[in-house]
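The values are calculated or read from the model by the stated rules, or taken from the named source; none is laboratory data. These figures come from a predicted structure and were not determined experimentally. As a convention, Cβ positions derive from the backbone with ideal geometry for all residues, glycine included, and neighbour counts pool all protein chains shown. All accessible areas refer to the heavy atoms of the entire protein, side chains included, with ligands and DNA or RNA removed. Shrake-Rupley method; radii C 1.70, N 1.55, O 1.52, S 1.80 Å.
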Amino acid sequence: MYTFSNRLKIGSFIAMGLGLIFLAIGFVSAPSTVEEAKAIVASAHGDGHGGGHAEATEDHGGDQTHGEAAAHGKEASHDEGHDASHDEHLLHQLQNRPWAALYVAAFFFFMIALGVLAFYAIQRAAQAGWSPLLFRVMEGITAYLVPGGIIVFVILVLSVLHMNHMFVWMDSEVVAHDELLQGKAGYLNPTFFLIRAAIFLGGWIFYREYSRKLSLAQDESDDNSNFVKNFRWSAGFLVFYLVTESMMSWDWIMSLDPHWFSTLFGWYVFASMFVSGITVIAMVSIYLKSRGYLEVVNDSHIHDLAKFMFGISIFWTYLWFAQFMLIWYADIPEEVTYYVARFQDYKLPFFGMLVMNFVFPLLVLMNSDYKRVNWFVIMAGIVVLLGHYLDIFNMVMPATVGDQWHIGLPEIGGILFFGGLFVFWVFNTLTKAPLLPKRNPFIEESRHFHY
């Protein structure tokens with residue numbers, strides 16, 4: 001039985017505490033008025049755009065004659081309306097920043113658990129012989145679906161209640177002046193949105209809890225009936241998962257840019273969560289093995305996990321390139337604007353993500369021998385996870401905060417809080433049952449697995 005070390009427990013609590021403080025600072029420091037928003041932007045740019053714009057307006061107003069004002073009244077009125085709309089948009093972007101930082105971190109750690117759940121179901125449905133020794137690790141990680149899913153759902157509810165402006169299609173005034181959003185209102189409406197989210201989360205959590213129950217019951221059973229039930233439920237769940245994961249990616253991520261869509265997006269998000277989940281399985285398994293709890297897990301198990309890390313990284317790159325290349329080559333304005341915004345305002349995180357998620361795994365995980373070196377797999381895993389955090393960052397931030405993004409206290413606070421909660425929940429769950437299944441029919445094959 002695994003014992004949750006006090007050092008790890010204290011570390012997770014410290015991370016959560018610091019994260020809450022940083023997030024609170026982000027929310028408190030967010031502007032509440034247009035004037036505060038303009039002052040923040042002016043100070044950030046050294047009184048460049050914000051101050052210059054105000055001074056130009058004042059100078060123009062002082063120099064023009066009464067006759068000129070009458071002649072240009074219509075243009076001035078239009079410009080004032082445009083400026084007011086721009087200032088309101090700027091205010092919403094700055095107010096969105098702590099919410100977006102919270103959402104990116106919440107979704108990132110939730111998707112790790114969801115990716116592990118998919119991998120676990122695949123192993124069950126395929127009746128894989130190499131992986132049963134890792135089932136308890138997977139069950140421990142997927143336990144985070146409950147708190148992580150609840151937190152994400154609460155953020156979505158708060159968005160529906162207009163506590164933030166992340167999902168613009170939730171604003172009835174915006175929809176009233178947007179024919180495209182009016183055409184999507186049958187699907188993109190707050191009530192149906194929350195109903196779908198509840199169905200997704202309910203189905204995923206139900207399968208995780210029921211499969212875990214069958215897994216533990218199999219240890220005490222005299223036959224393989226629980227194993228067979230788990231196989232059947234896992235096969236059925238994978239069908240449910242493939243449909244709901246795609247819809248979730250449309251709802252929770254793609255609808256942040258409601259004018260843009262990609263038919264590959266569901267697969268793209270799946271690849272990101274899948275490789276992140278497998279990476280965490282490898283890292284947790286290596287940690288437990290180093291503490292003397294999973295000594296039967298050998299280098300071949302780690303090698304296979306690292307192979308999946310490598311292979312799914314290439315799969316993610318294929319999907320990224322297929323999505324990007326087709327949109328960029330077709331050059332359809334309503335599609336290509338998605339990448340234009342990221343090229344112009346997110347060069348560092350956008351191209352940094354490509355290096356971390358493709359170039360780095362390609363170079364360091366191609367060699368078969370390196371996949372057996374535990375510290376090397378941990379190092380590669382850290383880079384891969386950071387890269388896929390940036391992937392979610394690039395999906396969410398341009399639509400919610402525009403060019404007003406930074407890596408600051410809210411972003412760091414989100415990572416610390418949800419990282420600490422994830423570590424605490426996962427390792428606390430690992431203490432609830434023996435780390436090695438007793439009566440899995442393939443347990444001996446897994447013990448003697450050799451690549």
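Per q in 0.22 Å⁻¹, report the Debye log10 I(q)/I(0) for region 316-451, using one uniform scatterer on each alpha carbon and no solvent.
Cα-only, vacuum Debye calculation for region 316-451: -1.34.
Which whole-number percent is the relative contact order of the chain (Cα, under 8 Å, 6+ apart)?
Numbers: 539 pairs, mean separation 150.3, N = 451.
It comes to 33 percent, rounded to a whole number.
What number, rounded to the nearest 500 deg cm²/dmol, is the helix-based mean residue ellipticity at 222 nm of the chain, given -39500 (n - 2.57) per DSSP H run of at least four residues and division by all its residues?
Dividing the helical sum by the residues of the chain leaves -25500 deg cm²/dmol.
Quote to one decimal, in nm, the extra length available between residue 445 and residue 32 on full extension: 0.36 nm per residue of separation minus the C-alpha distance between them. Mind dumping the intermediate values first?
Working: separation 413, 0.36 × 413 = 148.68 nm, distance 6.15 nm.
Taking residue 445 through residue 32 to full extension adds about 142.5 nm, to one decimal.
Could you tell me which residue out of 252, 93, 120 lies farthest along the dipole of the chain toward its positive end? Charges go on the beta carbon: Lys and Arg +1, Asp and Glu -1, centred on the Cα centre.
It is 120.
Cα centroids of region 251-280 and region 114-148: how far apart, whole angstrom?
Cα centroid of region 251-280 versus Cα centroid of region 114-148: 20 Å apart.
Can you give the accessible area of residue 38, probe radius 1.4 Å, in Å² rounded to 10?
70
Please report how far the C-alpha centroid of region 166-203 lies from that of region 388-448, rounded to the nearest whole angstrom.
Using only Cα atoms to place each centre, the spacing works out to 28 Å.
Using the 2.2 N^0.38 Å rule of thumb for compact globular proteins, work out how region 106-202 stacks up: its C-alpha Rg over that value, please. Don't skip to the answer; put the middle values down first.
Values: Rg = 18.0 Å, N = 97, 2.2 N^0.38 = 12.5 Å.
That works out to 1.44 for region 106-202.
Restricting things to alpha carbons, tell me how big the chain is in terms of Rg and Dmax, in Å.
In Å, with Rg to one decimal and Dmax whole: 24.9, 97.
At a Förster distance of 56 Å, what's the computed FRET efficiency of residue 240 paired with residue 328, Cβ-Cβ distance as r, to 0.05?
Values: r = 34 Å, r/R0 = 0.61.
With a Förster radius of 56 Å, E is 0.95.
Search the structure for amide H atoms under 5 Å from the amide H of residue 184, placed 1.01 Å from N in the peptide plane, and list their residues when 5 or more places away or on another chain.
none
What does the accessible area of residue 346 come to, in Å² to the nearest 10, when a probe of 1.4 Å is used?
0
If the label point is 7 Å along Cα→Cβ of residue 228, which residues in region 417-451 have backbone nitrogen under 15 Å from it?
Counting backbone N atoms under 15 Å from the label point, the list is 441.
Treating each Cα of region 249-329 as an identical point scatterer and ignoring solvent, apply the Debye formula and state log10 I(q)/I(0) at q = 0.16, 0.18, 0.20 Å⁻¹.
-0.69, -0.78, -0.87
For the chain, what are the DSSP H helices with axial Cα length of 20 Å or more and mean Kyte-Doolittle hydropathy of at least 0.5? Let's see the in-between values first.
Values: long enough: 6-29 (34 Å, 1.51); 49-63 (21 Å, -1.51); 73-126 (72 Å, 0.08); 145-160 (22 Å, 2.84); 190-220 (46 Å, 0.18); 225-252 (38 Å, 0.23); 265-290 (38 Å, 1.45); 299-330 (46 Å, 0.74); 374-400 (39 Å, 1.39); 409-430 (31 Å, 1.58).
What comes out of the filter, once short or polar helices are dropped, is 6-29, 145-160, 265-290, 299-330, 374-400, 409-430.
Got a sec? What order do 407, 332, 141 fall in by accessible area at 1.4 Å, biggest, i.e. largest, first? Don't skip to the answer; put the middle values down first.
Values: 407 100, 332 65, 141 0 Å².
Descending order: 407, 332, 141.
At a Förster radius of 22 Å, what calculated FRET efficiency corresponds to the Cβ-Cβ distance of residue 335 and residue 85, to the nearest 0.05?
Numbers: r = 25 Å, r/R0 = 1.12.
Result of the calculation: an efficiency of 0.35.
Considering the zone a paramagnetic label at residue 43 would reach in this model (a point 7 Å from Cα along the Cα-to-Cβ line), which residues of region 394-422 have amide N under 18 Å from it?
So the set is 404-411.
Taking the inverse of the average 1/r across all pairs of different Cα atoms in region 309-386, what Kirkwood radius in Å do you get? Each step should come with its number before you reach the end.
Numbers: mean 1/r = 0.0719 Å⁻¹.
When all Cα pairs of region 309-386 are included, the Kirkwood radius is 13.9 Å.
Just to make sure I understand: if all protein chains stay in place, what is the order of 267, 99, 169 by accessible area at 1.4 Å, largest first? The partial results should precede the final answer.
Working: 267 120, 99 35, 169 10 Å².
Largest accessible area first, the residues go 267, 99, 169.
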